[in-house]
Amino acid sequence: MKVLIVGSGGREHTLAWKLGRSAAVEELHAAPGNPGIAALGECHPVRAEDGEGLLSLCRELGIDLVVVGPEAPLVVGLVDTLRRGGVAAFGPTLAAARIEGSKTFAKDVLEAAAVPTARRLSVARPPCVVKADGLAAGKGVFVCHSQEELDNALRGAARLGGDVLIEELLEGEEVSLFAITDGKRALALAPAQDFKRVGDGDTGPNTGGMGSYSPVPGLDEAEVEELLETVHLPVLAELAERGTPFSGLLYAGLMLTEDGPRVLEFNCRFGDPETQSILPLVESDLLPLLWGAATGDLDGDVAIGEGAAVTVVLASGDYPERSDSGTPIAGVEDAESAGALVFHSGTARRGGRLVTNGGRVLAVTATGHDVAAARAMAYEAADRISFAGMRLRRDIAQAAAQGHVHT
(Lines give C-alpha, C1' and ligand atoms only; values in the text may rest on other atoms or scores of the structure.)
Protein backbone atom coordinates (compact mmCIF):
# COMPACT_ATOMS: atom_id res chain seq x y z
CA MET A 1 0.00 0.00 0.00
CA LYS A 2 1.22 3.50 -0.83
CA VAL A 3 0.71 5.94 2.03
CA LEU A 4 0.91 9.76 2.08
CA ILE A 5 1.24 11.58 5.41
CA VAL A 6 0.12 15.22 5.38
CA GLY A 7 2.01 17.60 7.68
CA SER A 8 5.52 18.55 8.74
CA GLY A 9 5.79 18.24 12.52
CA GLY A 10 6.78 15.79 15.24
CA ARG A 11 3.39 14.08 15.17
CA GLU A 12 3.77 13.39 11.44
CA HIS A 13 7.34 12.11 11.91
CA THR A 14 6.02 9.72 14.59
CA LEU A 15 3.24 8.51 12.29
CA ALA A 16 5.79 8.01 9.49
CA TRP A 17 8.07 6.07 11.86
CA LYS A 18 5.23 3.82 13.03
CA LEU A 19 3.65 3.26 9.59
CA GLY A 20 7.08 2.66 8.07
CA ARG A 21 7.37 -0.42 10.31
CA SER A 22 4.34 -2.02 8.64
CA ALA A 23 5.14 -4.79 6.18
CA ALA A 24 2.11 -3.68 4.16
CA VAL A 25 3.57 -0.23 3.40
CA GLU A 26 5.09 -0.39 -0.08
CA GLU A 27 5.89 3.33 -0.36
CA LEU A 28 5.83 6.09 2.25
CA HIS A 29 5.39 9.71 1.17
CA ALA A 30 4.85 12.99 3.04
CA ALA A 31 3.72 16.49 2.10
CA PRO A 32 5.49 18.68 2.94
CA GLY A 33 7.32 16.47 5.47
CA ASN A 34 10.55 17.32 7.30
CA PRO A 35 14.17 16.09 7.45
CA GLY A 36 13.27 13.32 9.92
CA ILE A 37 10.51 12.00 7.65
CA ALA A 38 12.82 12.31 4.62
CA ALA A 39 14.99 9.56 6.14
CA LEU A 40 11.95 7.22 6.08
CA GLY A 41 10.20 8.12 2.83
CA GLU A 42 9.90 10.72 0.10
CA CYS A 43 8.86 14.31 0.88
CA HIS A 44 7.00 16.51 -1.59
CA PRO A 45 6.76 20.34 -1.47
CA VAL A 46 2.96 20.56 -1.27
CA ARG A 47 1.36 22.53 1.57
CA ALA A 48 -0.92 20.69 4.02
CA GLU A 49 -3.86 23.02 3.24
CA ASP A 50 -3.54 22.68 -0.56
CA GLY A 51 -6.35 20.19 -1.17
CA GLU A 52 -6.21 20.23 -4.97
CA GLY A 53 -2.42 20.04 -4.96
CA LEU A 54 -2.51 17.04 -2.62
CA LEU A 55 -5.19 15.33 -4.71
CA SER A 56 -3.02 15.77 -7.84
CA LEU A 57 -0.04 14.37 -5.93
CA CYS A 58 -2.10 11.33 -4.85
CA ARG A 59 -3.08 10.63 -8.46
CA GLU A 60 0.46 11.09 -9.69
CA LEU A 61 1.90 8.70 -7.05
CA GLY A 62 -1.01 6.21 -6.97
CA ILE A 63 -1.58 6.80 -3.24
CA ASP A 64 -3.90 4.29 -1.51
CA LEU A 65 -4.28 6.05 1.86
CA VAL A 66 -3.73 9.62 3.05
CA VAL A 67 -3.16 10.17 6.78
CA VAL A 68 -3.80 13.80 7.75
CA GLY A 69 -1.74 14.99 10.73
CA PRO A 70 -2.59 18.64 11.55
CA GLU A 71 -5.98 20.11 12.44
CA ALA A 72 -5.97 23.09 10.04
CA PRO A 73 -6.33 21.06 6.79
CA LEU A 74 -9.06 18.94 8.40
CA VAL A 75 -11.07 21.97 9.50
CA VAL A 76 -10.98 23.43 5.96
CA GLY A 77 -12.17 20.17 4.38
CA LEU A 78 -9.09 18.35 3.04
CA VAL A 79 -10.67 14.94 3.64
CA ASP A 80 -13.79 15.97 1.66
CA THR A 81 -11.60 17.02 -1.29
CA LEU A 82 -9.62 13.76 -1.25
CA ARG A 83 -12.67 11.52 -0.88
CA ARG A 84 -14.50 13.31 -3.68
CA GLY A 85 -11.43 12.56 -5.79
CA GLY A 86 -11.62 8.87 -4.92
CA VAL A 87 -8.74 8.77 -2.40
CA ALA A 88 -9.17 7.10 1.01
CA ALA A 89 -8.24 9.51 3.80
CA PHE A 90 -7.82 9.03 7.55
CA GLY A 91 -9.43 12.01 9.26
CA PRO A 92 -12.86 13.61 9.66
CA THR A 93 -14.79 15.60 7.07
CA LEU A 94 -15.09 19.38 7.34
CA ALA A 95 -18.50 19.05 9.06
CA ALA A 96 -17.25 16.54 11.64
CA ALA A 97 -13.97 18.42 12.23
CA ARG A 98 -16.01 21.25 13.75
CA ILE A 99 -15.70 19.27 17.00
CA GLU A 100 -12.24 20.90 17.16
CA GLY A 101 -12.77 23.86 14.84
CA SER A 102 -15.48 25.39 17.05
CA LYS A 103 -15.46 25.19 20.85
CA THR A 104 -19.12 26.29 20.88
CA PHE A 105 -20.13 23.50 18.48
CA ALA A 106 -18.23 20.98 20.63
CA LYS A 107 -20.03 22.22 23.74
CA ASP A 108 -23.42 21.88 21.98
CA VAL A 109 -22.58 18.28 20.98
CA LEU A 110 -21.38 17.38 24.50
CA GLU A 111 -24.52 18.77 26.09
CA ALA A 112 -26.80 17.04 23.56
CA ALA A 113 -24.98 13.74 24.12
CA ALA A 114 -25.18 14.18 27.93
CA VAL A 115 -21.42 13.85 28.30
CA PRO A 116 -20.06 15.44 31.50
CA THR A 117 -18.22 18.68 30.74
CA ALA A 118 -17.37 22.04 32.28
CA ARG A 119 -20.37 24.34 32.75
CA ARG A 120 -20.74 27.35 30.46
CA LEU A 121 -20.72 30.66 32.32
CA SER A 122 -22.79 33.63 31.19
CA VAL A 123 -20.56 36.12 33.04
CA ALA A 124 -16.75 36.21 32.94
CA ARG A 125 -15.45 36.38 36.49
CA PRO A 126 -12.48 34.58 38.06
CA PRO A 127 -11.86 31.72 38.56
CA CYS A 128 -12.84 30.65 35.05
CA VAL A 129 -11.49 29.48 31.70
CA VAL A 130 -11.62 31.64 28.57
CA LYS A 131 -11.57 29.83 25.22
CA ALA A 132 -11.24 31.31 21.76
CA ASP A 133 -13.86 29.55 19.65
CA GLY A 134 -11.64 28.65 16.65
CA LEU A 135 -8.26 27.03 16.07
CA ALA A 136 -5.31 28.58 17.90
CA ALA A 137 -2.55 25.93 17.70
CA GLY A 138 -3.03 24.98 21.35
CA LYS A 139 -2.75 28.58 22.51
CA GLY A 140 -6.43 29.64 22.59
CA VAL A 141 -7.27 28.53 26.14
CA PHE A 142 -6.65 30.84 29.10
CA VAL A 143 -6.93 29.70 32.73
CA CYS A 144 -7.86 32.67 34.91
CA HIS A 145 -7.47 32.68 38.71
CA SER A 146 -7.44 36.48 39.09
CA GLN A 147 -9.07 39.52 37.50
CA GLU A 148 -5.73 40.51 35.95
CA GLU A 149 -5.41 37.07 34.31
CA LEU A 150 -9.00 37.36 33.09
CA ASP A 151 -8.41 40.81 31.57
CA ASN A 152 -5.29 39.51 29.78
CA ALA A 153 -7.18 36.41 28.62
CA LEU A 154 -10.05 38.40 27.13
CA ARG A 155 -7.55 40.59 25.28
CA GLY A 156 -5.63 37.53 24.08
CA ALA A 157 -8.81 35.78 22.90
CA ALA A 158 -9.96 38.96 21.14
CA ARG A 159 -6.66 39.11 19.23
CA LEU A 160 -7.35 35.61 17.91
CA GLY A 161 -10.71 36.83 16.57
CA GLY A 162 -14.08 35.07 16.58
CA ASP A 163 -16.36 34.17 19.47
CA VAL A 164 -15.27 33.52 23.04
CA LEU A 165 -16.51 30.76 25.36
CA ILE A 166 -16.38 31.16 29.17
CA GLU A 167 -16.39 28.01 31.32
CA GLU A 168 -16.05 27.02 34.95
CA LEU A 169 -12.51 26.22 36.07
CA LEU A 170 -12.21 22.52 36.87
CA GLU A 171 -9.62 21.10 39.25
CA GLY A 172 -7.97 17.70 38.88
CA GLU A 173 -5.64 15.75 36.63
CA GLU A 174 -5.63 16.34 32.88
CA VAL A 175 -5.50 13.31 30.61
CA SER A 176 -5.55 12.89 26.83
CA LEU A 177 -7.41 9.85 25.50
CA PHE A 178 -7.16 9.07 21.78
CA ALA A 179 -9.58 6.74 20.00
CA ILE A 180 -9.33 5.48 16.42
CA THR A 181 -12.85 5.30 15.00
CA ASP A 182 -14.78 4.56 11.82
CA GLY A 183 -17.74 6.53 13.16
CA LYS A 184 -19.34 3.59 14.96
CA ARG A 185 -16.61 1.50 16.59
CA ALA A 186 -13.82 3.09 18.59
CA LEU A 187 -10.47 1.68 19.77
CA ALA A 188 -8.72 3.49 22.63
CA LEU A 189 -4.97 3.97 22.69
CA ALA A 190 -3.03 4.28 25.96
CA PRO A 191 -3.91 7.47 27.88
CA ALA A 192 -1.26 10.20 28.01
CA GLN A 193 -0.58 13.40 29.87
CA ASP A 194 1.06 16.43 28.29
CA PHE A 195 2.70 19.53 29.74
CA LYS A 196 1.36 22.71 28.17
CA ARG A 197 3.18 25.50 30.02
CA VAL A 198 6.60 26.53 28.81
CA GLY A 199 8.37 26.49 32.19
CA ASP A 200 9.11 24.04 35.00
CA GLY A 201 6.39 23.82 37.63
CA ASP A 202 3.77 24.78 35.02
CA THR A 203 4.91 28.39 34.81
CA GLY A 204 4.82 30.77 31.86
CA PRO A 205 2.51 30.88 28.86
CA ASN A 206 0.71 27.96 27.26
CA THR A 207 2.45 26.23 24.36
CA GLY A 208 1.62 23.48 21.89
CA GLY A 209 3.13 21.12 24.49
CA MET A 210 6.59 20.76 26.08
CA GLY A 211 6.50 17.02 26.74
CA SER A 212 4.32 14.05 27.52
CA TYR A 213 4.25 10.55 28.94
CA SER A 214 2.12 7.42 28.60
CA PRO A 215 0.41 5.50 30.13
CA VAL A 216 -1.05 7.49 33.04
CA PRO A 217 -0.72 5.89 36.52
CA GLY A 218 -4.07 4.94 38.02
CA LEU A 219 -5.95 4.61 34.71
CA ASP A 220 -6.17 0.90 33.99
CA GLU A 221 -7.68 -0.83 30.95
CA ALA A 222 -11.16 -1.08 32.52
CA GLU A 223 -11.21 2.64 33.34
CA VAL A 224 -10.06 3.53 29.82
CA GLU A 225 -12.90 1.41 28.38
CA GLU A 226 -15.34 3.16 30.72
CA LEU A 227 -14.14 6.56 29.45
CA LEU A 228 -14.64 5.35 25.87
CA GLU A 229 -18.22 4.31 26.74
CA THR A 230 -19.12 7.54 28.57
CA VAL A 231 -17.28 10.09 26.39
CA HIS A 232 -16.28 9.00 22.89
CA LEU A 233 -19.14 6.69 21.91
CA PRO A 234 -22.01 9.08 22.90
CA VAL A 235 -20.28 11.90 20.97
CA LEU A 236 -19.84 9.67 17.90
CA ALA A 237 -23.53 8.72 18.10
CA GLU A 238 -24.57 12.39 18.41
CA LEU A 239 -22.43 13.43 15.42
CA ALA A 240 -23.86 10.59 13.33
CA GLU A 241 -27.40 11.62 14.32
CA ARG A 242 -26.64 15.16 13.12
CA GLY A 243 -25.65 13.78 9.72
CA THR A 244 -21.95 14.51 10.29
CA PRO A 245 -20.42 11.11 11.16
CA PHE A 246 -16.87 11.31 12.51
CA SER A 247 -14.12 8.97 11.39
CA GLY A 248 -10.42 9.27 12.13
CA LEU A 249 -8.86 10.06 15.51
CA LEU A 250 -11.16 11.48 18.19
CA TYR A 251 -9.03 12.96 20.97
CA ALA A 252 -10.71 13.81 24.26
CA GLY A 253 -8.95 16.22 26.60
CA LEU A 254 -10.27 15.21 30.02
CA MET A 255 -10.08 16.52 33.57
CA LEU A 256 -10.33 13.79 36.21
CA THR A 257 -12.18 15.69 38.94
CA GLU A 258 -13.37 14.53 42.36
CA ASP A 259 -16.85 14.29 40.79
CA GLY A 260 -15.65 12.10 37.91
CA PRO A 261 -14.21 12.79 34.45
CA ARG A 262 -15.17 15.99 32.60
CA VAL A 263 -14.41 16.80 28.98
CA LEU A 264 -12.32 19.95 28.55
CA GLU A 265 -12.08 19.81 24.75
CA PHE A 266 -12.11 17.60 21.71
CA ASN A 267 -9.51 17.45 18.97
CA CYS A 268 -10.04 15.79 15.61
CA ARG A 269 -6.52 14.39 15.10
CA PHE A 270 -3.51 12.86 16.82
CA GLY A 271 -2.14 15.22 19.49
CA ASP A 272 1.38 16.58 19.57
CA PRO A 273 3.47 15.72 21.66
CA GLU A 274 1.26 12.91 23.08
CA THR A 275 1.53 10.91 19.83
CA GLN A 276 5.31 10.72 20.34
CA SER A 277 4.71 8.90 23.65
CA ILE A 278 1.65 6.84 22.65
CA LEU A 279 2.65 5.27 19.32
CA PRO A 280 5.94 3.70 20.52
CA LEU A 281 3.81 1.66 22.96
CA VAL A 282 1.46 0.33 20.23
CA GLU A 283 2.51 -3.20 19.28
CA SER A 284 -0.17 -3.64 16.60
CA ASP A 285 0.40 -2.77 12.96
CA LEU A 286 -1.12 0.72 12.77
CA LEU A 287 -1.84 0.63 9.03
CA PRO A 288 -4.88 -1.74 9.04
CA LEU A 289 -6.44 0.30 11.86
CA LEU A 290 -6.10 3.61 10.01
CA TRP A 291 -7.27 1.99 6.76
CA GLY A 292 -10.30 0.47 8.52
CA ALA A 293 -11.23 3.82 10.05
CA ALA A 294 -10.80 5.62 6.71
CA THR A 295 -12.91 3.09 4.79
CA GLY A 296 -15.68 2.69 7.38
CA ASP A 297 -14.78 -0.83 8.50
CA LEU A 298 -12.61 -0.74 11.62
CA ASP A 299 -11.77 -4.33 12.49
CA GLY A 300 -9.55 -6.04 15.04
CA ASP A 301 -8.10 -4.64 18.23
CA VAL A 302 -5.10 -2.59 19.25
CA ALA A 303 -2.33 -4.26 21.26
CA ILE A 304 -0.52 -1.97 23.68
CA GLY A 305 2.80 -3.11 25.12
CA GLU A 306 3.99 -3.09 28.69
CA GLY A 307 6.16 -0.30 29.99
CA ALA A 308 6.03 3.45 29.47
CA ALA A 309 7.25 6.22 27.19
CA VAL A 310 8.37 9.76 28.02
CA THR A 311 8.83 12.61 25.53
CA VAL A 312 10.82 15.78 26.17
CA VAL A 313 10.41 18.68 23.71
CA LEU A 314 13.46 20.79 22.81
CA ALA A 315 12.27 24.28 21.93
CA SER A 316 13.85 27.49 20.65
CA GLY A 317 14.88 30.13 23.17
CA ASP A 318 11.99 32.55 22.53
CA TYR A 319 9.23 29.92 22.16
CA PRO A 320 6.23 30.35 22.32
CA GLU A 321 6.51 34.07 21.50
CA ARG A 322 8.76 33.47 18.48
CA SER A 323 10.17 30.54 16.56
CA ASP A 324 13.77 30.12 15.43
CA SER A 325 15.25 29.50 12.01
CA GLY A 326 18.67 28.53 10.71
CA THR A 327 20.45 27.71 13.99
CA PRO A 328 22.67 24.60 13.60
CA ILE A 329 21.65 21.52 15.63
CA ALA A 330 24.20 19.03 16.98
CA GLY A 331 23.94 15.64 18.69
CA VAL A 332 20.83 14.04 17.16
CA GLU A 333 22.69 10.88 16.08
CA ASP A 334 24.33 10.74 19.51
CA ALA A 335 20.91 10.87 21.21
CA GLU A 336 19.61 8.10 18.93
CA SER A 337 22.65 5.95 19.68
CA ALA A 338 21.72 6.28 23.38
CA GLY A 339 18.51 4.40 22.56
CA ALA A 340 16.08 7.30 22.17
CA LEU A 341 13.76 8.17 19.30
CA VAL A 342 14.27 11.73 18.06
CA PHE A 343 11.26 13.15 16.22
CA HIS A 344 11.69 16.30 14.14
CA SER A 345 9.12 19.02 14.90
CA GLY A 346 10.68 22.20 13.51
CA THR A 347 13.84 21.42 11.55
CA ALA A 348 15.24 21.97 8.06
CA ARG A 349 18.35 21.05 6.07
CA ARG A 350 20.46 23.91 4.79
CA GLY A 351 23.71 23.24 3.00
CA GLY A 352 23.67 19.68 4.27
CA ARG A 353 23.33 20.78 7.91
CA LEU A 354 20.39 20.18 10.21
CA VAL A 355 19.08 23.54 11.50
CA THR A 356 16.14 24.88 13.48
CA ASN A 357 12.96 25.80 11.63
CA GLY A 358 10.25 26.38 14.23
CA GLY A 359 9.36 26.92 17.88
CA ARG A 360 9.28 23.31 19.00
CA VAL A 361 12.36 21.90 17.27
CA LEU A 362 12.75 18.26 18.35
CA ALA A 363 10.92 15.75 20.53
CA VAL A 364 13.07 13.17 22.30
CA THR A 365 11.19 9.98 23.26
CA ALA A 366 12.43 7.02 25.28
CA THR A 367 10.68 3.85 26.41
CA GLY A 368 11.37 1.84 29.54
CA HIS A 369 9.85 -0.74 31.87
CA ASP A 370 8.25 2.11 33.84
CA VAL A 371 7.92 5.91 33.69
CA ALA A 372 11.04 6.48 35.82
CA ALA A 373 13.24 4.38 33.51
CA ALA A 374 11.82 5.97 30.35
CA ARG A 375 12.22 9.44 31.85
CA ALA A 376 15.86 8.88 32.81
CA MET A 377 16.71 7.73 29.28
CA ALA A 378 14.77 10.56 27.62
CA TYR A 379 16.69 13.22 29.57
CA GLU A 380 20.02 11.48 29.09
CA ALA A 381 19.42 11.51 25.32
CA ALA A 382 18.05 15.08 25.30
CA ASP A 383 21.22 16.29 27.00
CA ARG A 384 23.27 15.01 24.06
CA ILE A 385 21.52 17.45 21.71
CA SER A 386 22.37 21.14 21.53
CA PHE A 387 21.59 24.28 19.58
CA ALA A 388 21.96 27.95 20.55
CA GLY A 389 19.09 29.05 22.81
CA MET A 390 17.71 25.53 23.32
CA ARG A 391 15.20 25.29 26.16
CA LEU A 392 13.43 22.33 27.72
CA ARG A 393 11.45 21.55 30.83
CA ARG A 394 13.25 19.48 33.45
CA ASP A 395 10.11 18.21 35.18
CA ILE A 396 8.35 16.22 32.44
CA ALA A 397 6.77 13.09 34.02
CA GLN A 398 8.54 13.80 37.32
CA ALA A 399 5.47 13.20 39.48
CA ALA A 400 4.50 10.09 37.52
CA ALA A 401 8.03 8.68 37.88
CA GLN A 402 7.53 8.98 41.65
CA GLY A 403 4.21 7.14 41.46
CA HIS A 404 2.00 10.26 41.44
CA VAL A 405 0.06 11.97 38.68
CA HIS A 406 0.96 15.48 37.54
CA THR A 407 -1.85 17.91 38.40
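The values are calculated or read from the model by the stated rules, or taken from the named source; none is laboratory data. Small disclaimer: the values here were computed from a predicted structure and weren't measured. When the accessible area is computed, the model is the full protein with side chains, heavy atoms only, and any ligands, DNA or RNA have been set aside. Shrake-Rupley method; radii C 1.70, N 1.55, O 1.52, S 1.80 Å.
Miscellaneous remarks
- Rolling a 1.4 Å probe across the protein heavy atoms gives the chain an accessible surface of 39 Å² per residue.
- Taking amide H as placed 1.01 Å from N in the peptide plane, Cys43 has its amide H under 5 Å from the amide H of Ala30, each at least 5 places away in sequence or on another chain.
- Cross-link pairs Lys2/Lys131; Lys18/Lys184; Lys18/Lys196 - those with Cα-Cα distance over 28 Å: Lys2/Lys131
- On the chain, 47 percent of the accessible area sits on carbon and sulfur atoms, based on a 1.4 Å probe.
- In the chain, the DSSP-assigned H stretches of four residues or longer account for a calculated mean residue ellipticity at 222 nm of -7500 deg cm²/dmol, using -39500 (n - 2.57) per stretch and the full residue count as denominator.
- Rounded if a/c under 1.5, otherwise prolate or oblate - the chain, Cα gyration tensor axes: rounded
- For Phe195, the residues 5 or more places off, or on other chains, whose built amide H falls under 5 Å of its own are Met210, Gly211.
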